[in-house]
Amino acid sequence: MSIFSPLSIYTYKRLFSAQIIALAGTGLTTVALALLAHDLAGGNAGQVLGIALALKMIAYVLIAPLFGAVAQKLPRRSLLVTLDILRACVVAVLPFVTEVWQIYVLVFVLNVFSAGFTPVFQATIPDIVTDQAEYTKALSLSRLAYDLENLLSPMLAAALIAILTFDVLFLMNGLAFILSASLVLSVTLPGRKDESHGELFWTRVTKGTRIYLKTPRLKGLLALSMVVSSAGAMQIVNTVVYVQSYLGLAEEWVAIAFAAAGGGSMAAALTLPGILRRVAPRSCMLSGGFLLSVSVLAGSAMPGINSLILLWFLMGIGMSMILTPAGRLLTQSSREKDRPALFAAQFSLSHACWLITYPLAGWLGVQLGLMGAFIALGSIALVSAVVATSLWPRRDPDYLEHTHRATTHDHYHYH
């Protein structure tokens, strides 16, 4: 069957449409934010964007577990709609910013709401698409949505800026969030009982992380998240420096290099559902980890633009090989009531990796040069892939049996 077969499920089709619309709007804001930073800070725009990016990661790391604890107490549809509306309100204020500090505040607040929305949204999908093969396709579609945002939103923004001021991009993003909210509001999401049984709030906040770090396959996933962030940070932070400063090429080659990575990711996402019917997620994801590591290390040969584009394409494939099956791993490793907390833990912990590698990639590029940055980040990726191999057991059944002493748990038993 086609990769698009999950779209025959009405509720999923509406939610997927909401995801695409919200991502397209977010892509417009990314471009507009860069232009706003240049407007306010001139030559220091890169520093402003770097701080804003760090604040985004901090919001993701700190806030996602809090929302994971709250999500099981609130109706999912109402929570998702409210967060979309709040995000629309924040981006609608951005055109009126006159000081750099205002950018920092609004970017942080915007991503606080995104840190709540994304894990809850992701944890809802397996309750709607219950067949594992169809769910794998739904994960591939989600990956495609992110890749299309990376490819198409900058092109759409460039076309709009040719006839409008960049402030309009923020307002269009606000409209996108409102449309996303209306699509979520148009469906009925599966009900879920609150089974926390009086657990303390802090216990609920840390539950997802505790489950995550006690599950061998998920500890392997965390190590692979470090592989993804090491390779991704090198690509995102240093592509423009490599292409324009080292190779001396024009701006359009920067866009082509980024598009190559997006194209590789899309190609992998389209083929993975068929591959994962025959290959275990462990083999697929670890292979992706080593492909990423080797691609980054190969960059230390300081290739020309054609070889760089090939390496970036391979990196896109490697990232998709890791990120696409991750949702399946989280679903297999949790009961329905724990899914929001576990998805929030993955969201928080994976972005903690980015919080480390983003500034590291920039610092290494300056201190060691591009060759040194390739070697250092490629080595981190390779070590992380080896660690993932050792943490993730070779014999890894979908569902793990476990025992626990009666005196060490606080959930109710019914007979």
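Determine whether the range 217-237 contains at least one residue that is within 22 Å of residue 148 (Cβ to Cβ), at pLDDT below 90 and of a type in the set (Ser, Thr, Tyr). Within the range 217-237 (the criterion being within 22 Å of residue 148 (Cβ to Cβ), at pLDDT below 90 and of a type in the set (Ser, Thr, Tyr)), the answer is no, since none of the residues qualifies.
Considering (1) under 19 Å from the mean Cα position of the chain (by Cα); (2) of a type outside the set (D, E, K, R); (3) over 24 Å from residue 168 (Cβ atoms); (4) buried (at least 22 other Cβ atoms within 10 Å of the Cβ), the lone condition that residue 58 does not fulfil carries the number (4). Picking from residues in the range 275-299 that are in a loop (DSSP other than H, G, I, E, B) and free of Cβ contacts under 8 Å to residues at least 12 places away in the same chain, the one that is surrounded by the most Cβ atoms within 10 Å (Cβ to Cβ) is 279.
Among the residues of this structure, residue 68 does not count as one that is surrounded by fewer than 20 Cβ atoms within 10 Å (Cβ to Cβ) and either touching a Pro at 6+ places or on another chain (Cβ under 6 Å) or within 19 Å of residue 354 (Cα to Cα) (or both). Looking across 79, 35, 49, 40, one residue alone is in a helix (DSSP H, G or I), free of Cβ contacts under 8 Å to residues at least 60 places away in the same chain, surrounded by fewer than 20 Cβ atoms within 10 Å (Cβ to Cβ) and not assigned by TED's automatic domain parsing to the domain that holds residue 270. It is 49. Can you pull out every residue in the range 157-170 that is part of a helix (DSSP H, G or I) and surrounded by fewer than 18 Cβ atoms within 10 Å (Cβ to Cβ)? Within the range 157-170, 158, 159, 160, 161, 167, 168 meet the criteria. A Cβ distance below 8 Å, combined with a sequence gap of six or more or placement on separate chains, defines the contacts here; from the range 300-316, residues that are on the phi < 0 side of the Ramachandran plot and touching a residue at least 40 places away in the same chain (Cβ under 8 Å) reach residues that are assigned to a helix (DSSP H, G or I) and among the charged types (D, E, K, R) in the pairs 316/147. Taking the residues in the range 332-360 that are surrounded by fewer than 23 Cβ atoms within 10 Å (Cβ to Cβ) and among the small types (Gly, Ala, Ser) as candidates, determine which candidate is modelled with the lowest pLDDT. Of everything passing the filter in the range 332-360, 334 is modelled with the lowest pLDDT.
Looking only at the range 35-44, decide whether some residue is among the hydrophobic types (A, V, I, L, M, F, W, C) and within 16 Å of residue 347 (Cα to Cα). Checking the range 35-44: not a single residue is among the hydrophobic types (A, V, I, L, M, F, W, C) and within 16 Å of residue 347 (Cα to Cα).
Select, from 150, 111, 173, the only residue that is modelled with pLDDT under 75 and either in a helix (DSSP H, G or I) or assigned by TED's automatic domain parsing to the domain that holds residue 55 (or both). That would be 150, the only listed residue that is modelled with pLDDT under 75 and either in a helix (DSSP H, G or I) or assigned by TED's automatic domain parsing to the domain that holds residue 55 (or both).
Are any residues in the range 242-257 under 17 Å from residue 370 (Cβ atoms), of a type in the set (A, V, I, L, M, F, W, C) and part of a helix (DSSP H, G or I), and if so, which ones? Across the range 242-257, the qualifying residues are 243, 253, 254, 257. Condition first: of a type outside the set (D, E, K, R) and either in contact with a strand residue (DSSP E or B) (Cβ under 7 Å, 6 or more places away or on another chain) or surrounded by fewer than 20 Cβ atoms within 10 Å (Cβ to Cβ) (or both). Now tell me which residues in the range 1-19 satisfy that. Correct list: 1, 2, 3, 4, 5, 7, 8, 9, 10, 11, 17.
The values are calculated or read from the model by the stated rules, or taken from the named source; none is laboratory data. From a predicted model like this one, the values you see are computed outputs, not experimental measurements. Glycine also receives a Cβ, built like all others from the backbone with ideal geometry; neighbour counts cover every protein chain displayed.
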